[in-house]
Structure formats: C-alpha cells, structure tokens
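As structure tokens, the structure follows; a few thoughts come after it.
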Amino acid sequence: MKLSVAIVGLPNVGKSTLFNALLKKQLAVAANYPFATIEPNVGIVAVPDDRLQQLAEVVQQSQHLEQLPPIKPATVEFVDVAGLVKGANQGQGLGNQFLAHIRETSAVCHVLRAFSDENVIREGSVNPAEDLQTIRTELQLADLNTLNKQTQPKGAISKAAKQRWQLIEDFKNHLEAGQDLPLVDATAQALAQELCLLTAKPELVVINLDEAKAGKGNSAELIKKYADQLKLNPQQIILISAKLESELAVLAAVEQQQYLQELGLVKTGLERLAAQAYQTLKLQSFFTAGIKEVRAWTIKQGSTALEAAGVIHSDFMKHFVKARVISVVDFVRLGGWQAAKEQGKLRLEGRDYLLQPADVVEFMISN
C-alpha cells in the first residue's frame, strides 16, 4: 500500500531543502528563486521503527545466521511540488500543472516559513497563518473549478444520482464560504475521492524554524502556540529546521545522534515527519520475521488477517488458512518463533482477526 504525501507551500519556504534532507541526497533543486522546482521530485523514505532491528537480531541469534537478515521498513513516498502562488487555480505560476501533481497524492504536507533569513527571497510569504490561508484558498478554488464542471442530472433520476448531486451542491456551498468539506459519512468521502478533491486530503503542517530554534522541535508549548495560531490539531504540526535537517542528513549515524543529543532531541524532524505522515493516513504496520528478511508491511488500521495476507501476495489471501501471531515484545523477549511455540505464546488467528500494530505474523496457506 502506497503512502504518498505532497510537500506544498509558497515559493522559497524551504520545501526543496526539506525534500533534499529527506532523501539524504541533493535530488531537488534548492535554489533561491521562485519555481526552482518545476517537475515534481519523488522520493521514497523509510518510516523509522527500532523494532525491526530488534526482530532482526533475534532471528539472527535463533537461526544461527552469520549476519542480520535484510531489514525492510515501511515507506512513505514524498512528492516535492513546486511553489504555489496566489492565482494558481487559474494557472498563475504554472499553477494548474502543480495542482495536478497534488491530486495524485494521498495527503498534503504544508511547509510554512517561520525562519528569519531575509537573504532568502520572500515570494508572497508573510507569516505562517496567512501563508497557510493562501495555499488553502488556492486548493479550495481549484476544487470549486472541479465541482462546477459537474453536470446536474436531468429528468427521472435514481436516488443515488440525486444524493450525489446534493453532495456536490453541499461541497460547493462549503467551499464558497471558505469552509472545510462536509465529509460526514462514507458516501461523502467516496465522492470526494472520486472527484480527486484537494481539500479532502488529510493535512500535515511543517513549521520551518530557524536553526537556533531547532532544539524546540519537541516543545509541546511551541507546538500548541502554532496549533492555536493556525487553528489546527497539535497532532498535525511538526516543528523542523529544514536547514539543520540538511546538515544532519549528511552526518554518519553516530555523529547524528551526538548532534541530536546536543539539541535535546531524540529523533530528527524528518523521522517525526515520516512517522506522523504514517499516522495521518490511519495506517499501521505488521511484521514478518524470517531468515530471508525482516519486514514491516503497511495496512490500514482495522485490517483483518485476511486483508493483511493479501498485502503480501494475492495467493496468500486466496489460500489463507490461519495466521500465527505474536507481539513484538514477546517475540524479542522469548527469542524467536521456536522458543515462543515451545512456551505456548503463539496464537492461531482466523481471517477476521484484526491486526494490531505490534503483531509479528506468519501466514499459514494451503497448497
């Protein structure tokens, strides 16, 4: 299951700098002028999870392997979209092209400028609250363009068609009033997805701070301040210094940890961003652990064992019999599959079992 997040914002707020740090390579053009990024840059970034290393070490020890089995974490796809400007919905600044790139993603990550380097040109950026409103307005106007292209059904129409048109009218009324879409039930959510409405996508907000303030990345007080200012849930906000993240990205792991400790941080801002992006789309991982690989698989929260089996391979879903399940904690504490089996800690679960975020699973399938 692909998790795709569009990195958006006004020009020169630090989007490409953030993206470069995410990939640990200078793949995007982080230049000090508008529209340095024209084609969207795409990169796959691992979701940090210390449990994978623990599982791999247990597999190595219990199976007497010479080296750790390959570790494959869950991933997030980030898309660096060029800077939007006022009037993007009407094509200003190549706006139509850029908005189309956002439609193809699962969530939107707004990058807002809160750093004070006036050597970096401000291209419409004023302050975080106004900048967010500018981008949201462009997304709302783009969605209104989409909705206005829908044709009202004529004559004798079905109940479903009538309901669909009523939802379209409700969507337009809310957007014209500058309000969020009324995604109150599954039908409304499905229609918004069908029409690829930009304002229906889950949002994250990165506040791009000065380097001197980077150590406040975990500050609940500062997060609350911006949450109140932007009228957002604190869970949506990640405090990052994109410039500092670029410096951290090129350091060796040991040096990176030392630098983080000096700043009073446990994880980099990018690790917090990847993890929060995963949660924003209501996804979770389950684990498989064997000599060939130790892997985190991505599923929707609330997925059944049968659905999880299908993520690995469609044949697993077709020939599903049972799932052997154990928590990561017990797997590590007991020392692997065989020890867990001998101590009666393995559970056999059926197709309707709801996978938990800490489950290690081995699927039993028929021939």
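The values are calculated or read from the model by the stated rules, or taken from the named source; none is laboratory data. Just so it is clear, the model here is predicted, and its values are computed rather than measured. Reconstructed Cβ throughout: ideal geometry from the backbone, glycine too, with neighbour counts over all protein chains shown. We work out accessible area using only protein heavy atoms, side chains counted, and drop any ligands, DNA or RNA first. Shrake-Rupley method; radii C 1.70, N 1.55, O 1.52, S 1.80 Å.
A straight line joining the Cα centroids of the stretch 102-176 and the stretch 256-273 runs 34 Å. For the chain, the share of accessible area belonging to carbon and sulfur comes to 50 percent (1.4 Å probe, ligands and nucleic acids excluded). Which residue, 303, 257, 286, has the largest displacement toward the positive end of the dipole of the stretch 224-367 when charges sit on each Cβ (Lys, Arg +1; Asp, Glu -1)? Checking the options against the dipole of the stretch 224-367, the answer is 303.
Computed on protein heavy atoms with a 1.4 Å probe, the accessible areas place 109, 196 in the order 196, 109, largest first.
Tally the DSSP beta bridges in the chain and give the antiparallel ones as a percent, rounded to 5. Antiparallel: roughly 55 percent of the beta bridges in the chain. Other residues within the sphere of radius under 12 Å centred on the Cβ of residue 219, judged by their own Cβ, net out at +3 (K and R +1, D and E -1).
Pairs spanning more than 25 Å between alpha-carbon atoms, out of 201/292; 24/216; 292/318; 225/267; 292/345; 15/267: 201/292. The heavy atoms of residue 271 present about 50 square angstrom of accessible area, all protein chains included, probe 1.4 Å.
The packing ranking of peptides 301-312, 224-235, highest mean first, is 301-312, 224-235, where packing means the average number of other beta carbon atoms within 10 angstrom of each residue. Please work out whether the chain counts as rounded, prolate or oblate from its C-alpha gyration tensor, where a ≥ b ≥ c are the square roots of the eigenvalues and a/c under 1.5 means rounded, while otherwise a/b larger than b/c means prolate and anything else oblate? It is oblate, given that a/c is not under 1.5 and a/b is not larger than b/c. Working ranking of peptides 346-354, 64-72, 279-287 by packing, defined as the average number of other Cβ atoms within 10 Å per residue, highest first, is 279-287, 346-354, 64-72. When +1 charges are put on Lys and Arg Cβ atoms and -1 charges on Asp and Glu Cβ atoms, the dipole computed for the chain relative to its Cα centre reaches about 920 debye. How much net charge surrounds residue 348 when only the other residues with a Cβ under 9 Å from the Cβ of residue 348 are counted, with Lys and Arg +1 and Asp and Glu -1? Local net charge: +2.
The mean accessible area for residues of the chain, using a 1.4 Å probe and ignoring ligands and nucleic acids, is 50 Å² per residue.
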